[in-house]
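Notes follow the structure.
Bear in mind that the values in this text are calculations on the coordinates, not laboratory data. Quick caveat, the model's predicted, so the values are computed rather than measured. Here the Cβ positions follow ideal geometry from the backbone for every residue, glycine too, while neighbour counts run over all protein chains shown.
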Amino acid sequence: MAFFLETLFGGLMSGMLYALIGLGFVLIFKASGVFNFAQGAMVLVAALAMARFSVWIPQWLGFESLLLANILAFIVAAAMMFLLAWLIERLVLRHLVNQEATTLLMATLGISYFLDGLGQFSFGSSVYSINVGMPKEPWFILENMFEGGILVSLEDLTAALVAALLVAALALFFQYTGTGRALRAVADDHQAAQSVGIPLNRIWVVVWCVAGLCALVAGIIWGSKFGVQFTLATAALRALPVVILGGLTSIPGAIIGGLIIGVGEKLSEVYLGPFVGGGIEIWFAYVLALVFLLFRPQGLFGEKIIDRV
Amino acid sequence: MFYRENGQFKTTYRSDQQIFPILQDRIFIWILLAVAFVAVPMLGSDYFLRGILIPFLILSLAAVGLNILVGYCGQISLGTGAFMAVGAYAAWNFGVRVPAMPLVLQILMGGVFATLVGVVFGIPSLRIRGLYLAVATLAAQFFVDWAFLRIPYFTNYSPSGNVSVPALTAFGLPVQTAVEKYLFVLCFVVVFALIAKNLVRGALGRQWMAMRDMDVAAAVIGIRPVYAKLTAFAVSSFIVGVAGALWGFIHLGSWEPLAFDLNRSFQLLFMVIIGGLGSIMGSFFGAAFIVLVPVALHSVPRWLGLPLSVDTIFHIEHMVFGALIVFFLIVEPHGLARLWSVAKEKLRMWPFPH
């Protein structure tokens, strides 16, 4: 029982991490109908920038404070993501307005290749670490209920808290600010939003900026947990089934989908894996999402798609 | 001046419906085939054949297969590498378990198994499309990668997980030197390109294109969506499976599942986009482009005397590919094949355009 709960907790925590990446997908899809394959590359670039700048900036300016270095690196990395968002809108999306969804998908695939190359070209391709002072020591809870208690990683818990905070902040932003309202209007109906005077291009820049920020937060958390390297870009591929399961247009869907996939992966790996040779968490999420799609093509919380076949 | 069809009157339906209705095109193709079959094996160096032409031919075959699915039937697939892997491993398993089976039959059986897997993973396309279908094909990719890595039966319990083929012979002739391998692959590619070209301009191809352009309208005029989509998946995965078997047997010789990973799928998709969606000719252009760009990127800095590390070149390659994809999608969504036909149009008028 204690082991089961431990696995369950582990699953929930990694689910939060998936949800964090999934959020980026959902934000962009909601606002512009673009399925952003480049989210993984954005996470990689953001994490690389954060890792490198937090080393470079103290060298350039000649101070030693870790906190200050991290804050400055975060600001620089965020500024870089904003610039990237603006460039993507300006150079790519603006020219592909009203194209089919698959064309846009392939365009983001191109962007993702470009960013993969650019990130590693400018920041180097070895393994870097991010140290933002996340607690590393394990923590045992419910020691009086089970023998030895249940091991919970404080690092995971912090990550989950940060993710929850980010989601709450985003929800507030969407609900209570003018820009947030405009974003929701664009998500509902592009043409109607444009006809009441909402500038589509600006909204897209904003939404890519927000997605870039999500990528940065996800990159920092993943990076400080597993190290910053090329495999970060594939984390997004792991998060894809999450948004499919939760529905491409729903923010709560991304969270709950992430939790389901995280728990499902861990439990299947532990309880099912030994029978079929292990390593099944790579495809388990996909097959889960695929089976789900057959019965409910719009995902758990997604809007009903009319163009079903 | 030379490229005119004046005076070439078609007097039979047969001559009107040829693949290349213009005489000059036919002459060009015959010359191309003669060069490919006679001149290249005589003149090409070992590196040129092994390092450039054989990969180019096999990848263009795979791109033809993918183009049938993506370009003609409009079903996006990110799992091409998986179908190549199925072809390669199925062919290899037939070789190991049925030693009497001839090489050509082995490769074709690889195609048959890829077809079966392709149809199974094509079934979701009946309910979903676009983005969701892309995810379904990604599922195929990850599942197949895992299966060949973790299920020891498929690799005949080889401890390292990688498999290798013995010395090859086909019809009693050895297929070992670069020239022999090149000719072997070339025969496959020519035959399959011809079959594919004829399929896409026949009834089946028209059904696929109708499904691509508007599935509801196609269903209304009596095209069965199930049949059209699943045949596209079947034909496409058969060709891709054969290409996979050739890639493993002829080009690699010994391989592990990593040879057919997600990057291979993306690479093939890029070939189809750059070459031209919905064009058999375009698949060849795209494959040539993708094979040649890395070669060029490796040699140009060396000529210019720039010392670049392998890593840097690899990253620049990524950037160039990514930028080109976006460039082509924006500027010329029909790819190199479209540029080719524009050039031909211009040539017809040249030198008096008015």
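I'd like the Kirkwood hydrodynamic radius of the range B:1-89, using the inverse of the mean 1/r over distinct C-alpha pairs, in Å. Result for the range B:1-89, one decimal place: 16.7 Å.
Can you give the local net charge around A:Ala235? Use residues other than it whose beta-carbon is closer than 14 angstrom to its beta-carbon, Lys and Arg +1, Asp and Glu -1.
On the way: positive: A:Lys225, A:Arg238; negative: A:Asp116, A:Glu265, A:Glu281.
With Lys, Arg at +1 and Asp, Glu at -1, the neighbours total -1.
For A:Val228, nonlocal amide neighbours, meaning residues 5 or more places apart or on other chains whose placed amide H falls under 5 Å from its own, are A:Tyr128, A:Ser129, A:Ile130.
Return the Rg/Rh ratio of the range B:58-133 with Cα-based radii and a Kirkwood Rh. Mind dumping the intermediate values first?
Working: Rg = 13.9 Å, Rh = 13.3 Å.
Rounded to two decimals, Rg/Rh equals 1.05.
In deg cm²/dmol, rounded to 500, what helix-only [θ] at 222 nm does chain A give when every DSSP H run of at least 4 residues adds -39500 (n - 2.57) and the total is split over its residues? Numbers along the way, then the final one.
Numbers: 12 runs with 225 residues, N = 309.
That comes out to -25000 deg cm²/dmol.
Taking a ≥ b ≥ c as the square roots of the eigenvalues of the alpha carbon gyration tensor, the range B:224-337 is oblate, as a/c is not under 1.5 and a/b does not beat b/c.
With a simple spin-label model that places each label point 7 Å from the Cα along the Cα-to-Cβ direction, the separation between A:Ile75 and A:Ser129 comes to 2.7 nm.
Tell me whether chain A comes out rounded, prolate or oblate; compute the Cα gyration tensor, take square roots of the eigenvalues as a ≥ b ≥ c, and use a/c under 1.5 as the rounded threshold. Write out the running numbers ahead of the final one.
Values: a/c = 1.72, a/b = 1.16, b/c = 1.49.
Verdict is oblate for chain A.
Seen through its C-alpha gyration tensor, with square-root eigenvalues sorted a ≥ b ≥ c, the protein assembly as shown comes out prolate because a/c lies at 1.5 or above while a/b is bigger than b/c. Highest mean packing comes first when the peptides B:76-82, B:153-159 are listed by Cβ atoms within 10 Å, giving B:76-82, B:153-159.
Largest GNM mean-square fluctuation across B:Trp30, B:Trp340, B:Trp247, computed for chain B with C-alpha springs under 10 Å, falls on B:Trp30. For chain B, a Gaussian network of Cα nodes joined below 10 Å ranks B:Ala245, B:Ala203, B:Ala228 by mean-square fluctuation, and the top entry is B:Ala203. Close amide H contacts of B:Ala170 (hydrogens built in the peptide plane, cut-off under 5 Å, sequence separation of 5 or more or a different chain): B:Val175.
Using the Kyte-Doolittle scale, find the helices of chain B whose mean hydropathy is at least 0.0 and whose Cα atoms extend 27 Å or more along the helix's long axis, counting only whole DSSP H runs. Numbers along the way, then the final one.
Values: long enough: B:103-122 (28 Å, 2.21); B:131-150 (28 Å, 1.33); B:178-201 (34 Å, 1.69); B:225-246 (31 Å, 1.53); B:280-304 (36 Å, 1.55); B:310-331 (31 Å, 1.95).
Span-like helices, by this rule, are B:103-122, B:131-150, B:178-201, B:225-246, B:280-304, B:310-331.
Counting only other chains, and only Cβ atoms inside 10 Å, what mean value do you get across the residues of B:271-278?
Details: counts 0, 1, 5, 0, 0, 0, 3, 0.
If you average over the peptide's residues, the count of other-chain Cβ atoms is 1.
Result for chain A in a Gaussian network model with C-alpha springs under 10 Å: among A:Val162, A:Val97, A:Val186, the largest mean-square fluctuation is at A:Val97.
Descending by average beta-carbon neighbour count within 10 Å, the peptides B:174-180, A:176-182 line up as B:174-180, A:176-182, the highest first. Label positions at B:Asn156 and B:Lys344, each projected 7 Å from the Cα along the C-beta direction, are separated by 4.5 nm.
If one computes P(r) from the Cα atoms of the range A:1-58, what percent of pairs lie at distances over 14 Å? Show your work: numbers first, answer last.
Values: 1148 of 1653 pairs.
Counting pairs separated by more than 14 Å, the tail of P(r) holds 69 percent.
Between B:Gln24 and A:Leu67, the simple spin-label model (points 7 angstrom out along Cα→Cβ) gives 7.7 nm. Peptide B:328-337 shows a mean partner chain C-beta count of 3 within 10 Å per residue C-beta.
Inter-chain Cβ neighbour count for A:117-125, averaged per residue, equals 5 (cutoff 10 Å, partner chain atoms only). The alpha-carbon atoms of the range B:56-349, seen along their principal axes, cover 57, 52, 36 angstrom, with the largest extent given first.
For every helix of n ≥ 4 consecutive DSSP H residues, a contribution of -39,500 (n - 2.57) applies; sum these over chain B, divide by its total residues, and give [θ] at 222 nm rounded to the nearest 500 deg cm²/dmol. Walk me through the numbers before you get to the answer.
Values: 15 runs with 231 residues, N = 354.
Estimated from H runs of four or more residues: -21500 deg cm²/dmol.
When both the range A:1-61 and the range B:296-331 are represented by their alpha-carbon centers, they are found 28 Å apart. The string of couplings for the range A:284-290 from the Karplus curve (6.51, -1.76, 1.60, θ = phi - 60°) is 4, 4, 5, 5, 4, 5, 5 Hz, one whole number per residue in order, with x for Gly and Pro.
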